[in-house]
Amino acid sequence: MSKVILKEEHAIFRKAFRQFLQQHAAPYFEQWEQEKQVPRSFWLEAGKQGFLCPWAEEKYGGSEADFGYSVIISEEMAVIGAGIGGIGLHNDVVMPYIQEFGNEQQKQRWLPKAVTGEIISAIAMTEPGAGSDLAGVKTTAIKDGDNYIINGEKTFITNGYTADLVIVVCVTDPHAQPIHKGISLIAVEAGTPGFTKGKKLRKVGQHANDTSELIFDNAVVPAENLIGQEGMGFYYLMKKLQQERLVLAIGAVADLKRMLDITIDYVKQRTAFGKPISKFQNTQFKIAEMATKIKIGETFVNRLVADHVEGKDIVTEVSMAKWWLTDLAQQVAVDCMQLHGGYGYMEEYEIARRYRDVAVGSIYAGTNEIMKQIIAKNMGL
């Protein structure tokens, strides 16, 4: 991460969080992959040690930590595996909506428990017929006295199965023109009448990240659960997606560095034709090419982190980083698996898991095709 924002306290925090993961995550990761979720006990322990929403104000139980701490958490979790990324979603994607757009009552109600791990959060954007096109959501929330009646279905929702609190992207004004002006954000709590969770979805990778469908069938939600102003949901999403995509780029860099490290270790040990395969020119060229691209990406992301901390509008640059680094992660995963040979295709080798886990990076938080559209639009095309 950029040394521009790193201080001694960040290094201390990194050491503590790394030790926490080695003790509480690494030994159990394979089990979590099989169970398709991270247990609540891990969330509670993370909260107890101050690793959930560290940016929250002290009055809500947080440490008022800067974004550098979020970067460290993303990097260190990526080293363990993408399957525990639900914590990053909770910390840096979902709860910041409450922090920035929620009222004081909502903050007091939800932030303290989000900090302790008593509340696990999710955000429900994607629907069976609407993914990257957020303006195409069909889930409706119609005002009825002091409540909203929500109807619709969401899918591919990370943390959806275990979530206690879901921020739902829905249409509160079906007649708004353009339609995105009728989109709002409403917080829905587990146990709400009419709100049910589907089964955990079977995915190609990131198995420890629980992912599910959410169904709203005349779900009755108090009007006081509206986040911010009615009709402002789309604008809130656009404002926060910069940070979400930056966090993904940060994670991609960490994934890339990990894949390269384990591959370098492997080619030094594996022999063929009487010598380590690291001594073959093809291997050296492949490693050199990957290392160069990863360093370029890391340097770019470090600059973006510093710019983000300064509050700069870097939507275009973050879109560049998100698409390029998630694409690069897929390319590097292929090359690293090839250098592992047949062993790379075996599940007991980490590169096999990395190969399947990085595949979704080019899809979520807006597909890479959408990232390119954003870049082109902001270039005046």
(request) Tally the residues that are within 10 Å of MET259 (Cβ to Cβ), surrounded by fewer than 21 Cβ atoms within 10 Å (Cβ to Cβ) and not charged (D, E, K, R), restricting the search to segment 340-374. (result) 0
(request) Among the numbered conditions (1) closer than 20 Å to ASP217 by Cα; (2) part of a loop (DSSP other than H, G, I, E, B), tell me where VAL204 comes up short. (result) (1)
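Kindly indicate which of ALA333, ALA291 is in contact (Cβ under 8 Å) with a residue 40 or more places away in the chain, over 22 Å from GLN373 (Cα atoms) and of a type outside the set (Lys, Arg).
Exactly one residue qualifies, and that residue is ALA333.
Give GLY129, GLY86 a once-over and let me know the one that is buried (at least 23 other Cβ atoms within 10 Å of the Cβ) and modelled with pLDDT under 95. Break it down into steps so the answer makes sense when it comes.
On the way: GLY129 fails: buried (at least 23 other Cβ atoms within 10 Å of the Cβ).
Residue meeting the stated conditions: GLY86.
This table checks each residue for (1) in a strand (DSSP E or B); (2) in contact with a helix residue (DSSP H, G or I) (Cβ under 8 Å, 6 or more places away or on another chain); (3) polar (S, T, N, Q).
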position: GLU224; (1), (2), (3): no, yes, no
position: GLY231; (1), (2), (3): no, yes, no
position: TYR235; (1), (2), (3): no, no, no
position: GLN242; (1), (2), (3): no, yes, yes
position: LEU248; (1), (2), (3): no, yes, no
position: ALA252; (1), (2), (3): no, yes, no
position: MET259; (1), (2), (3): no, yes, no
(message) Please count how many residues of segment 175-219 are surrounded by fewer than 16 Cβ atoms within 10 Å (Cβ to Cβ) and β-branched (Val, Ile, Thr).
(response) 3
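So which helices (runs of 4 or more DSSP H) stay within segment 315-378 end to end and still have 2 or more residues that are among the hydroxyl-bearing types (Ser, Thr, Tyr) and under 18 Å from the mean Cα position of the chain (by Cα)? Lay out the reasoning, then the answer.
Working: elements: 315-340, 350-357, 368-378.
Filter on segment 315-378 gives 315-340.
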(message) Residue under question is ASP92, and the condition is that it be within 13 Å of the chain's Cα centre (by Cα) and charged (D, E, K, R); does it hold?
(response) yes
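The values are calculated or read from the model by the stated rules, or taken from the named source; none is laboratory data. Computed from a prediction, not measured in an experiment: that's the story for all the values here. In this analysis, Cβ positions are derived from the backbone assuming ideal geometry, glycine residues included, and neighbour counts consider all displayed protein chains.
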